[in-house]
Amino acid sequence: MIEVTVAPSDEEVGLGLSGTSGWVAFERDLRRFLAEFASVIHVDGLEVTELFAGEPVESAFANVRNGLIVPLGAGIDWVVRMCSGRGPYCILVSSMLKIECSWDGVVVLTATERDVAASVTIGPSLDVVLREVAGEAERPLRSVETVADEAFWSSVAEAPAKVKLLRERWAYGKFGTHWFDINGELAPRVGLLVQPRSMVSVLIDPRLELDHLHLDGPFTALGDLSGSVEVLHEDFPFGVDSIDDIKKEGWRFGVDERETWRWVAVVPDPDGVVRGRWPVPD
């Protein structure tokens, strides 16, 4: 296997990205390099994986989910967007190719064919570094297997609880989740709101006291649980210095991340097939 790192040859572009005078040339050369690279190994589509929403998502990406197959041209557009510092971020893959982007204009391609880069034009705005990597098989990750089907939602509705919450995660990151209060008869209603390929977590009588949370996280702070179905929330993946800080911001409750993995399922596509893959943490 070969790993190809593509970066701006102009340090100013790497620091200022699309706001610099050299960005246009870098984007032109990057697009050509990616198109030729994919053409050599006969890649015409890429699967979206490890979607990450660290900022509010624009409407054009509102329906993007893990498992989506995008045409090569759209994939290249997305790579350029990520290189310019705009999300949502993801890793694009096929059986022959994996494309990862950093936050500073660097693209890393991992391909199964070792000699592919020799056939690709390297424009003057690109700095390209090649290295061979071991082709060892990655350790397979255990994925969520439960399907959020009718039987699942019936079980959720029938589960006795004083407090019953549901988290829908459609992407990693601060803006990749929705939280719902599903007490009473609300579970079937919320089941119609969550989107295919999302992972849903059901929490039955979770500990909600802010003072029990681990300061180093990860946890989610929640707003009022009485009122609207969707619950205001904020993720704290790296914790906080003091619980008093989030109390001062008006948050009333909190859920430790470990509680969200006790009852999980993946929402299937309309045809009943699960195409969203969510690895279970070790």
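The values are calculated or read from the model by the stated rules, or taken from the named source; none is laboratory data. Please read all numbers here as calculations on a predicted model, not as lab measurements. Neighbour counts run over all protein chains shown; Cβ positions are idealised from the backbone, glycine included. Keep in mind that these areas ignore ligands, DNA and RNA; they rest on the heavy atoms of the full protein, side chains included. Shrake-Rupley method; radii C 1.70, N 1.55, O 1.52, S 1.80 Å.
Just the C-alpha atoms of the chain: what Rg/Rh do they give, with Rh taken as the Kirkwood radius?
That ratio is 1.03, to two decimals.
Kindly provide the helix-only [θ] at 222 nm of the chain, computed as the sum of -39,500 (n - 2.57) over DSSP H runs of four or more divided by all residues, to the nearest 500 deg cm²/dmol? Don't skip to the answer; put the middle values down first.
Details: 6 runs with 57 residues, N = 282.
Result for the chain: -6000 deg cm²/dmol, rounded to the nearest 500.
Between amide H atoms placed 1.01 Å from N, distances below 5 Å from Thr146 occur with Val266, all of them 5 or more places distant or on a separate chain. Taking all protein chains together and a 1.4 Å probe, the residues Trp23, Trp103 rank Trp103, Trp23 from largest to smallest accessible area. Computed from the C-beta positions of Ser84 and Val147 and an R0 of 45 Å, the FRET efficiency is 0.75 to the nearest 0.05.
For region 192-208, 3J(HN,Hα) computed residue by residue from phi via the Karplus equation (6.51, -1.76, 1.60; θ = phi - 60°) reads 7, 8, 6, 9, x, 6, 6, 9, 10, 10, 9, 10, 9, 6, x, 6, 10 Hz, glycine and proline entered as x.
Based on the inverse mean of 1/r over its pairs of different Cα atoms, what is the Kirkwood hydrodynamic radius of region 1-43, in Å? Show your work: numbers first, answer last.
Numbers: mean 1/r = 0.0874 Å⁻¹.
Mean inverse Cα-Cα distance, inverted, gives 11.4 Å.
Whenever you get a sec, compute what percent of the accessible area on the chain sits on carbon and sulfur atoms (1.4 Å probe).
52 percent
Based on the convex hull around the alpha carbon atoms, region 151-282 presents an average projected area of 8.1 nm². Using a Cα-Cα cut-off of under 14 Å, which aspartates and glutamates could be cross-linked to Lys164, ignoring same-chain neighbours fewer than 8 residues away? Within the straight-line cut-off, Lys164 pairs with Asp181, Glu185, Asp205, Asp224, Glu230, Glu259. Stokes-Einstein diffusion for region 8-109 at 10 °C, viscosity 1.306 mPa s, with a Kirkwood radius from C-alpha pairs, works out to 114 µm²/s. Mind jotting down the distance between the C-alpha centroids of region 41-115 and region 19-36, whole Å? Taking the Cα centre of each part, region 19-36 and region 41-115 sit 16 Å apart. Judged by the mean number of other Cβ atoms found within 10 Å, the most tightly packed of the peptides 24-32, 153-161 leads the ranking 24-32, 153-161. Across region 170-187, computed HN-Hα scalar couplings (Karplus, 6.51 cos²θ - 1.76 cosθ + 1.60, θ = phi - 60°) run 9, 7, 6, x, 4, 10, x, 9, 10, 10, 9, 8, 10, 5, x, 9, 7, 4 Hz from first to last residue, x flagging Gly and Pro. Just checking the listed ones, Val129, Val202, Val147: in the Gaussian network model of the chain with Cα springs under 10 Å, the one fluctuating most is Val129. Computed with a 1.4 Å probe over protein heavy atoms only, the accessible surface of the chain comes to 52 Å² per residue.
Taking θ as phi - 60° and the Karplus parameters 6.51, -1.76 and 1.60, the scalar couplings of region 67-72 work out to x, 5, 9, 10, x, 4 Hz in sequence order, x denoting glycine and proline. Kirkwood radius, region 43-159, all distinct C-alpha pairs, inverse of mean reciprocal distance: 16.9 Å. The alpha-carbon of Lys248 sits under 25 angstrom from the alpha-carbons of these lysines, leaving out residues fewer than 8 places away in its chain: Lys174.
Glu100 contributes about 60 Å² of solvent-accessible surface, heavy atoms of the protein only, 1.4 Å probe.
Largest first, how would Phe238, Phe61 line up by accessible area (1.4 Å probe)?
Details: Phe238 180, Phe61 35 Å².
Order by accessible area, largest first: Phe238, Phe61.
What Kirkwood hydrodynamic radius, in Å, does region 227-271 give when the mean of 1/r is taken over all pairs of distinct Cα atoms and then inverted? Walk me through the numbers on the way to the answer.
Working: mean 1/r = 0.0741 Å⁻¹.
Kirkwood radius, region 227-271: 13.5 Å.
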